[in-house]
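The values are calculated or read from the model by the stated rules, or taken from the named source; none is laboratory data. The structure displayed is predicted, hence computed values, not measured ones. Note that we place each Cβ from the backbone using ideal geometry, even for glycine, and neighbour counts take in every protein chain shown. Ligands, DNA and RNA are excluded from the accessible area calculation, which covers all protein heavy atoms including side chains. Shrake-Rupley method; radii C 1.70, N 1.55, O 1.52, S 1.80 Å.
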Amino acid sequence: MKSIKVMIVDDSAVVRQVLTGSLSEYAGIEVIGAAPDPLFAMDKMKRAWPDVIVLDVEMPRMDGISFLKKLMAEHPTPVVICSTLTEKGAATTMEALAAGAVAIVTKPQGNLRQFLLDATDELVSAIKAAAQARLKRLAPPVPVPAPKLSADAIMPASNQAAMTRTTERVVALGTSTGGTQALEYVLSTLPRVCPGIIIVQHMPEKFTAAFADRLNKVCQIEVREAQHGDRVIPGRALIAPGGRHMLLKRSGAQYVVDIIDGPPVCRHKPSVDVLFRSTARAAGANATGIIMTGMGDDGARGLREMHEAGALTLGQDEASCVVYGMPKEAKKLDAVSKEIPLEQIPAYILRGDHRS
């Protein structure tokens, strides 16, 4: 099998040294170079072009965002962002994802060497998935050898029927790799008057707040990181905070969200399966469930529960997905009422008769 050629671009000598050493120990990965900034990187890449670039965002001479935009315009190449886990870094990383980066691997400010050694498996999985990119398309992820819990770990399954149909509608939406750009398209297309929306986007802690803030600036609707007890109301989209699960609850005549801790479900926290199961329980046929671009199978089982509870369930079609993983797995489980392209999702969200 052909080795994946990797270029590391980071102004930290420690990061370059540790990642070069640790990644080189993995069969099938070849680090062909490391550079302290994009200008050095571009000079090296003229001699040997990488399959995947591991990129920092805050660097001297040329920042990672400018480099990424140049790459995507001139020579599209899969990029995995390796960014510091800070609020400031999160805002910058959101720009990188919007510009076309594939995934985020976070690094702390302290004890960097040990963290990088511990996080190598995560980075290798991201690199292997990104290496199979063809233009905007990515392959399903390499399985991670870790315990995989179901939504039972957060909310036990129940035979209790969901509430009867009401005029109040809720849209539950789950996505992962490629979802930042897809969500921006969907949410920025919606008018101020639209159903309340609850969202799980796989994203590390601290990054979801910056992501929500960025979307709020470009959308007519209100977009914010969810807090415990927030109401789900028309014209508002709530994004689950990284590192916490989000559940939909019915409180009298209102829908609210619970933000809780707990183990990762389908190796994710927040988990789409948890959101979808709680939505099936709380809203039933009053809900629309939408599963969008992403690696893995998180959300597939939860979407089936929404389908069985009478909700309309939609899957983003393969042609418009960056990664046709989560929607594909949901389709395999017969959880999807209909597959549609990304461009049609806003129209389905706005439909008054959501079963039409």
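Every test in (1) touching a helix residue (DSSP H, G or I) at 6+ places or on another chain (Cβ under 7 Å); (2) in a loop (DSSP other than H, G, I, E, B) is passed by L68 save one, and that test is (2).
Right, P108: open to solvent by 50 Å² or more (accessible area, probe 1.4 Å), modelled with pLDDT under 75 and touching a helix residue (DSSP H, G or I) at 6+ places or on another chain (Cβ under 8 Å) or not? In short, no.
Tallying residues that are in a loop (DSSP other than H, G, I, E, B) and either under 17 Å from V322 (Cβ atoms) or open to solvent by less than 40 Å² (accessible area, probe 1.4 Å) (or both) within the stretch 168-203 yields 9. Restricting attention to the stretch 287-320, the residues that are surrounded by fewer than 24 Cβ atoms within 10 Å (Cβ to Cβ) and either part of a loop (DSSP other than H, G, I, E, B) or at pLDDT below 95 (or both) add up to 8.
Residues in the stretch 234-255 that are open to solvent by 20 Å² or more (accessible area, probe 1.4 Å) and of a type outside the set (G, A, S) were compared, and the one that is nearest to A209 (Cα to Cα) is R244. V57 - would you say it is in contact with a strand residue (DSSP E or B) (Cβ under 7 Å, 6 or more places away or on another chain) and under 16 Å from T177 (Cβ atoms)? Here the answer is no, as V57 does not meet what is asked.
Assessment of the stretch 41-54 against the conditions (open to solvent by less than 50 Å² (accessible area, probe 1.4 Å), within 25 Å of P204 (Cα to Cα), part of a loop (DSSP other than H, G, I, E, B) and in contact with a helix residue (DSSP H, G or I) (Cβ under 7 Å, 6 or more places away or on another chain)) yields no matching residue.
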